[in-house]
Amino acid sequence: MDHPVFISRRIKPTLELNPDWTDLPDHILDLIFEKIKTVRDSLVFGTICVKWYQIFMHNRSKLVKLIRHLEPKLLFPIESEAHNSWSVCSINSEHKNVFGSDLLLPSYNKPFSGSSEGWLATLDDNFGFTLFKPFMRNEERSTVHLPPLFPPSDALVVKKLLAYREYYVMKFTTFTPDPVLNPNNFIMVAIYGPSCELAYIRTSKDAAWTHIPSLLDTYFSDVLYYNDTFYALYDKGGLVAFDISEDSSQAQPIMKLIVRNRMTPAEKNRYICRRYLVESYKGELLQVQRYRESRVAHVTKEFKVFKLSFDQSQWVEINYLEDEALFIGDSTSVSVDTSSTSTQCQSNCIYFVDDKDTIGFDVGPLDCGVYNLKTRSVFRLFNIDVRLFPKMSERIPFWVAPTVFSRGSEAQKGTSSHHRQQGQQKLFIS
């Protein structure tokens, strides 16, 4: 039996066939933008119209956060006489290496010192830095030159260090407050020298590097910008925090001890070759320990992951990364959300490449692969014998984060004069 349907006369349903999305209130657009989870969708949001672009620019701090968790590309040296030829490699869910277009980088007579925020760094004969973004080399603002990083005064020491320049800078990281509008204004912190000391420079303010005194009598292993503060990790697990303000006149940052150096008996009995800091996309600070068979056999066997407990001032081991993958090596480590549609990498895995400290050892294959934290197993991405290194000028693969950059608006067909007068910029990712 059909039931009667009563429709109130006071209700007049209407259907807007052509809604004007440009007239949505700002707070509604803010809520829409807050729901976006990928960099690409964020960039698309900013192209809808002038008003949406303004909302995007007002909330671009969200974009900056998303950029830090993009899946990096692997730059892999091509076996050829041309020492500046590299392949851009992406990793898919089956762990198959997919090579894209080749890339020409500076000759390896200027050693690479790693990468951070898409910046690739080289060191010249005077220990001066050149930073450039390899995926946008033809763009403006793609290169930055920095002064020498405390070159030794002894000529004999200089000669010895120049023979092994790739070891002079063990690790560096950068923090760019606004990579969209001002990508060349950043703070760089480097671990350098035989004693693995710390130094920093602000590209928009400083004419020279500033040394940062250590709190503990051990070497630094990694450095990272996390939650508005720099953190430095020692080779025995200790952790310190320090602030470097973009506009501060304070000469030397004041370090604060977060975790004391402490190695468990199990750690002392095994060879930990490196420790890494990673900012999880979930907002946690992680430490990754990399274990090799021995100091001679440079083959990674295992990883352990720890989460920082600020309340307890200690590292707490975790055995599962859930929907997360980590990328580690000589570049700034990256955490990726594997549930996102913008990546094909597998969850609960650590993607790793060789470190500089393996160069020169003619033992076994190149130490690159994927470590599954659940199965405690390693899958080798590449099967390349290190005896090929002389043909590659001893170059090693490294991760480089994609780059988001902007260009000023151009007159295009169908673009109104009002649209151009707003100074809207085109945003790209590569």
At q = 0.27, 0.28 Å⁻¹, what base-10 log of I(q)/I(0) does the Debye formula yield for the stretch 15-69 when every alpha carbon is treated as an equal point scatterer in vacuo?
-1.10, -1.16
Treating the Cα atoms of the stretch 70-405 as identical point scatterers in vacuum, please give the log10 of the normalised Debye intensity I(q)/I(0) at q = 0.09, 0.10, 0.16 Å⁻¹, two decimals.
-0.45, -0.56, -1.68
Environment charge at Pro213 (Cβ cut-off 15 Å; Lys +1, Arg +1, Asp -1, Glu -1):
-2
For a quick check: sort Thr47, Thr218, Thr173 by the number of other beta carbons within 10 angstrom, fewest at the front.
Thr47, Thr218, Thr173
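Students often get this wrong, so check it: of Lys268/Lys356; Lys133/Lys374; Lys236/Lys374; Lys133/Lys307; Lys171/Lys256, which have C-alpha atoms separated by over 28 Å?
Violating the 28 Å limit, Cα to Cα: Lys133/Lys374; Lys133/Lys307.
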Evaluate the Kirkwood expression for the hydrodynamic radius of the stretch 134-243, namely the inverse of the mean inverse distance over all pairs of different C-alpha atoms, and round to one decimal in Å.
15.4
What net charge do the residues around Tyr226 carry, taking every other residue with its C-beta under 13 Å from that of Tyr226, with Lys and Arg at +1 and Asp and Glu at -1?
-1
What is the fewest-to-most order of Phe33, Phe398 by other Cβ atoms lying within 10 Å of their Cβ?
Phe33, Phe398
Among the chymotrypsin sites (Phe, Trp or Tyr not before Pro) in the stretch 262-301, which ones are in a DSSP loop with at most 15 other Cβ atoms within 10 Å of the Cβ? Mind listing them?
Tyr271
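Read-outs throughout are calculated quantities, based only on the coordinates presented, and are distinct from any laboratory measurement. These numbers were taken from a predicted model, which means no experiment stands behind them. Cβ atoms come from the backbone with ideal geometry, glycine included; neighbour counts cover every protein chain shown.
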